[in-house]
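The block underneath contains the structure these notes are about, expressed in structure tokens.
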Amino acid sequence: MATVIPPPSKRQKKEAQKIQEVDLIPADLPNVLIKFQASDTGESIGGSIRVPGGITEKQLEELLNQLHGESDEPVPYTFALLNKSSADEKDADAKLIDIRDNIYTSILKPGIKTTEDFLTLVYTPRAVFKVKAITRSNAAIAGHGSTILCCQFAPNDSSRMCSGAGDSTARVWDCNTQTPLYTLSGHSNWVLCVAYSPCGTMIATGSMDNSVRLWEADTGKPMGKALTGHSKWVSSLTWEPLHLVKSGQKPRLASSSKDSTIKVWDTTSRVCLLTMSGHTNAVSCVKWSGSNIIYSASHDKSIKAWDISAQGKCIQTLKSHAHWVNHLALSTDYVLRRGGFDHTSSRTSTRSVNMDDLRAKALEQYEKVAKINGVISERLVTASDDFTMYFWEPLKSSKPVCRMTGHQKLVNHVSFSPDGRYVVSSSFDNSIKVWDGLKGVFVGTLRGHVAPVYQTAWSADNRLLVSCSKDTTLKVWDIRTRKLSVDLPGHADEVYAVDWSMDGKRVASGGKDKMIRLWSH
């Protein structure tokens, strides 16, 4: 029997009647004047260049590589138009508009600029390696006896991953063989947070038993007794950035707690060096920035900046939120977590690495991400129960740069892309929103989840994002097109924790079904 094609639906008929737009570049399009400007240093290269108005992204890339003298090994770049609101305004008020296929369809056709305007194109080198989208579940590993609350990959080796759970233990997993390696037991209550040190040698765990414990990353053995001092549970942990660690010393650790204090610990002598108290309610999140300042977000609606080089003095209190502050993200989070490692690092290659070399590399990588127009500028985004986020430049001013609104329910988690170009926020309104990481301007919404989104993790090359949700799925998003790339069902219940390995090969997730799942492409 022949297949009968059903008649077109009302919607299809309507679509067919519409005038179809074809993106043809006019043949008589005049040339335009452009100049290239580096995104990190702000320096120009090659002066003013006259190019065809329909020049494509690929051709711009070739031209820039010729100017840099790198035609043999071309570097991939992304381009954005620096759009100033008026001729006399400063660069600070300029907006970046991404160039997608070519200059004509991205800039000239929408009427943003005309062919008579002078165009400044800001270029950013792309990650040279490309992460493939995760498409399948490799393994579901049982082991934890209760809900999994957090997970994190090691910075120096993506075959090691640590997870913390409600069964009072943390576990280190071997992702190559998909087996549990070590069980880190010692806590007497839920493990709420785990964090690998940026040098990859230690793991810190924070628990509801009010203590912090340290473990050797290679053997899983405890490093001495628990670090006690907090009077309520430990909510968040952050390590001292590797480039700030003095030669011959180990990185220090900071912990925040529901008792409204932040403590800084010496991981060698295992004593509390500083206690910062000033918040009047639980501290929900703490981050140690590359300029040696600890930022803490609290349920007292404020964010505080503590200068560690001045013995933990509070140098800034940021107030704008109308409800609890749930989470904060720094534009350099990813590069600080990575230490001096990159996507080629593995455990065998890092054993032989000299700590001073690693520190120098960490500083170089940090400056690459932190510098805008040659000046170090660490940006901060805070997410709150008041449905909004605020974008701050805390070292310049105690006033927010902008208020980021649009979510209809509380915002649970924010994270900057590895290169600091984008911010994503996950909310209980089932959506994820993408924002510009330089100015905090809204870029787009990722819709697909049908329940609250708990957490997101970036791929190392800034192109992809993975999110986990109460609806039991993980979803991979393509940031460039802002479309759903892959839907990953597999968990039997809510997924609370997700992380993407540094080399981009794996994603790990865990949640209410007590299973760790590993995903790959």
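Annotations
- Paramagnetic label zone (point 7 Å from Cα along Cα-to-C-beta, Ser188; backbone N under 20 Å) in the range 229-246: 229-235
- Counted residue by residue at 0.36 nm each, then reduced by the alpha carbon distance between them, the extension gain from Lys368 to Thr481 reaches 38.1 nm.
- For the range 257-346, the average shadow cast by the Cα convex hull is 7.1 nm², which is a quarter of the hull's surface.
- When the C-alpha to C-alpha distance is required to be over 23 Å, the pairs from Lys475/Lys505; Lys250/Lys514; Lys439/Lys470; Lys399/Lys470; Lys319/Lys439; Lys58/Lys132 that qualify are Lys250/Lys514; Lys439/Lys470; Lys399/Lys470.
- Pairwise centroid distance, computed over Cα atoms, of the range 213-233 with the range 251-308, Å: 17 Å
- Förster radius 45 Å - calculated FRET efficiency between Arg126 and Thr177, Cβ distance, rounded to 0.05: 0.85
- Sulfur and carbon atoms: percent of accessible area, the range 433-521 [1.4 Å]: 50 percent
- Here the Karplus relation 6.51 cos²θ - 1.76 cosθ + 1.60, evaluated at θ = phi - 60°, turns the backbone of the range 469-486 into coupling constants of 9, 5, 7, 6, 10, 10, 10, 9, 10, 8, 5, 5, 8, 6, 10, 6, 8, 9 Hz, with x for every Gly and Pro.
- Cross-link table Lys258/Lys304; Lys287/Lys512; Lys409/Lys483, entries beyond 19 Å C-alpha to C-alpha: Lys287/Lys512; Lys409/Lys483
- In summary, the aspartates and glutamates within cross-link reach of Lys113, defined as a Cα separation below 19 angstrom excluding same-chain residues under 8 places away, comprise Asp23, Asp28, Glu57, Asp88, Glu89, Asp91, Asp93, Asp98, Asp101.
- Label-point separation, Cys314 to Lys232 (7 Å along Cα→Cβ), nm: 1.6 nm
- Cα shape, the range 441-521, gyration tensor, a/c 1.5 rule: oblate
- FRET efficiency, 1/(1 + (r/R0)^6) with R0 35 Å, evaluated for Thr445 and Ala16 via beta carbons: 0.80
- Exposure of His521 as accessible area (Å², to 10), given a probe of 1.4 Å and all protein chains: 80 Å²
- DSSP H segments from the chain that extend 15 Å or more along their own axis, Cα-based, with Kyte-Doolittle mean of -0.5 or above: none
- Cα-based Kirkwood hydrodynamic radius, the chain, one decimal, Å: 24.3 Å
- Per residue accessible area in Å² of the chain, where ligands, DNA and RNA are left out and the probe is 1.4 Å: 44 Å²
The values are calculated or read from the model by the stated rules, or taken from the named source; none is laboratory data. Quantities reported herein were computed from a predicted structural model and do not represent experimental measurements. Note that each Cβ is placed from the backbone with ideal geometry, even for glycine, and that neighbours are counted across all protein chains shown. Only protein heavy atoms, including side chains, enter the accessible area calculation; ligands, DNA and RNA are left aside. Shrake-Rupley method; radii C 1.70, N 1.55, O 1.52, S 1.80 Å.
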